[in-house]
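Trainee: Provided herewith is a single structure, encoded as structure tokens, for subsequent inquiry.
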Amino acid sequence: MGHDHQHSHQHPHTHPHEPAGEIPAVLDAAIPDSELSPGEVSRRGFLRRAGLLGAGAAAAGVVGGGAADLLAGSASAQAKGVDPRGDRTGRYAWLAGDHHIHTQFSPDGVYRVADQVRHASAYGLDWMVITDHGTEQHAKVGVEKVNPDIRRARDLHRDMLVFQGLEWNIPAAEHGTVFVHPGSNEVAVLKEFENSFDGTVTKTTASTPANEALAIAGVNFLADAVRRKRIPDALFLANHPSRKGIDSPHEIRGWRDAQPHIAVGMEGAPGHQAAGIKAPLGPGSGRGYYDSKPGPDSFPGYPLESYVTWGGFDWMTATVGGLWDSLLAEGKPWWITANSDSHTVYADSATRGPGSDFAGNGYYNDPVYGGGVNLGNGDFWPGYYSRTHVGAATRSYAAVMAGIRDGRVWVDHGRLLDDLDVWLRAAGGQVTLGGTLLVRRGDDVELRIRVGLPAEANWAGFVPQLARIDVIVGDVTGPVSDRDVFTTPNTRVVKSFEVTAADNHREFVFRLPKLDGPKYLRIRGTDGRRSAPGLLGAAVDPHGPAADVLGDADPWQDLWFYSNPMWVLTR
């Protein structure tokens, strides 16, 4: 796992004139328009009209392919009629959802699709993804048999967007959410994907170069299915990436770099948040069931601290200057989410239906009342505790997927916030989460944050109080020579705002004067109940999340929210 096995895979927008490590063809003025694809001509036209073609090429030379992705994303948004400088009204429909949910079609599940959809709706979600485990039974029959239940739920719950997906056993790595836009081929594509690329189905779970290559091939398959219009869209997100230490940095980079419009991010916070409640009132495990130790397939560079959650968040996300930041410092869009990973719900009374034969049927019989509450279950219903908020242009499947792909996402636990508005502004433009702002060197940049504090009690029966907002800023330093690096030196908490109940809808402002180079900014917030200096030291993160205590980590007593980043590039 410690070796960086390189594989060559073509980027979906790569031009034949674009060697590895060079600027994209759309930014290369030496390549005439006649040799570009229609999409590249459109993107180049935008850059010309904005006066950024030369600046874009220069920026790409400074910060590498990541900046090219950011510039191309801005151009693509403009081609779709979206102002790349940001939503000037400052408003999207922020739709709450959950991309990691299991049913009776998982070998460790229990509930019907209808049970999960009804609860998700009751707890305020707008979209959700059914992600039963990749198994031989699921690949043979489950992926087909669950589909009528999903389609029925779509008909009955018009206010809920219900995606079909699966929890992919990534070859040589951990699990991941794969989901597709609804359509006539959703089952066929998912079934072919699972049979061809699931690590459990294909017996490719071991950490080998060949299995790592198969994972890349799986991501390429999804991109090809979209390109050939077999399905309208597909996304992949890595699930609980630090739980077993088997998602190495070079594998994460490999997925993202192979198909950055398909492999878009990871769970910033895992599900199973009730698992940390102390026994006998709870399972007495780790939040997210993060209770493992390094194994033979674990990446040897990860510290022991990576095997626990920090304020309920994965170590890759919670460590300022850590793995997530090392990707962002390259200029690589890589987004975070949060979800329930709901299998069996804490204090629920349901049990699997009697006479079930999962091995034979590919599902359990419908659940029945079990005669009492089960305090050993480690999950919450979708929307009950964890939420992923997506800025969507419309209330539609396509818009949710586009919002996730573009990084217009913030996440929270325990309903710490009702809403969050974030803008990065400079003369002549602004962007929101996931956006890229292009400014002249020496310009001033403002970060503006407005929080909507909870107006009513959460599902644990109390009104949480946001105590602090942290602003995290990092330099964009370009591609790394070591693809297994998981730190970056120039990222730190630069400002903290204390928050009281009187600050509801107040605008907090942070200024970056006379910008001298490309940077990214992200924010997080906390109820302030538990904190500790970050793993890279108090100078980097003076009051970060504390390590969750194995067997005694009440999730309601340690609430955080995180936003995805925004970039500012200089010209």
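Since every read-out is calculated from the coordinates, none of them should be taken as a lab result. This structure is a prediction, so every number in the text was calculated from the model and none was measured. We place every Cβ from the backbone using ideal geometry, glycine too, and count neighbours over all the protein chains shown.
Trainee: Taking the simple approach of a point 7 Å from Cα along Cα-to-Cβ for both Ser481 and Val549, what is their distance in nm?
Mentor: 4.5
Trainee: Sequence neighbours fewer than 8 away in the same chain don't count; with that in mind, list the lysines whose C-alpha is under 16 Å from Lys495.
Mentor: Reachable lysines: Lys519.
Trainee: Output ³J(HN,Hα) for segment 561-568: one whole-Hz value per residue in order, computed from phi by the Karplus curve 6.51 cos²θ - 1.76 cosθ + 1.60 with θ = phi - 60°, and x for Gly and Pro.
Mentor: Listing the rounded values in order: 10, 9, 10, 7, x, 10, 10, 10 Hz.
Trainee: Applying 1/(1 + (r/R0)^6) with R0 = 41 Å to the Cβ-Cβ distance of Leu281 and Ala539, what FRET efficiency is obtained, to the nearest 0.05?
Mentor: After rounding to 0.05, the efficiency reads 0.60.
Trainee: Using amide H atoms built in the peptide plane, which far-off residues or other-chain residues are under 5 Å from Leu375 H to H?
Mentor: Amide H to amide H, under 5 Å and 5 or more residues apart or across chains, Leu375 pairs with Ala347.
Trainee: To the nearest 0.05, what FRET efficiency results for Arg506 and Asp224 with a Förster distance of 60 Å applied to their C-beta separation?
Mentor: Working from the Cβ atoms, E equals 0.80.
Trainee: Next question, about the same structure. Residue by residue, what Karplus-based ³J(HN,Hα) values in Hz, rounded to whole numbers, does segment 544-553 have, using 6.51, -1.76 and 1.60 with θ = phi - 60° and x for Gly and Pro?
Mentor: Values per residue, Gly and Pro as x: x, x, 8, 4, 6, 7, 4, x, 8, 9 Hz.
Trainee: Through the Karplus equation 6.51 cos²θ - 1.76 cosθ + 1.60, θ set to phi - 60°, convert the phi angles of segment 169-180 into ³J(HN,Hα) values in whole Hz; use x for Gly and Pro.
Mentor: 7, 5, x, 6, 8, 7, 9, x, 7, 10, 9, 10
Trainee: So, one more: Report, by chain and number, residues whose modeled amide H sits under 5 Å from the one on Leu161, excluding near sequence neighbours (fewer than 5 apart, same chain).
Mentor: Correct list: Trp127, Met128.
Trainee: Using the beta-carbon distance between Arg448 and Ala532 and R0 = 30 Å, what value does 1/(1 + (r/R0)^6) give for FRET efficiency, to the nearest 0.05?
Mentor: Once the sixth-power term is evaluated, E becomes 0.55.
Trainee: Counting other Cβ atoms within 10 Å, which chymotrypsin sites (Phe, Trp or Tyr not before Pro) in segment 533-571 have at most 11 and lie in a DSSP loop?
Mentor: Here no chymotrypsin sites (Phe, Trp or Tyr not before Pro) fit, given the DSSP loop and packing criteria.
Trainee: Among the listed pairs Lys244/Lys332; Lys203/Lys244; Lys191/Lys332; Lys203/Lys229, give every one whose C-alpha distance is greater than 27 Å.
Mentor: Listed pairs above 27 Å: Lys191/Lys332; Lys203/Lys229.
Trainee: What's the extension gain from Ala122 to Ser349 if we count 0.36 nm per residue and subtract their Cα-Cα distance?
Mentor: 79.9 nm
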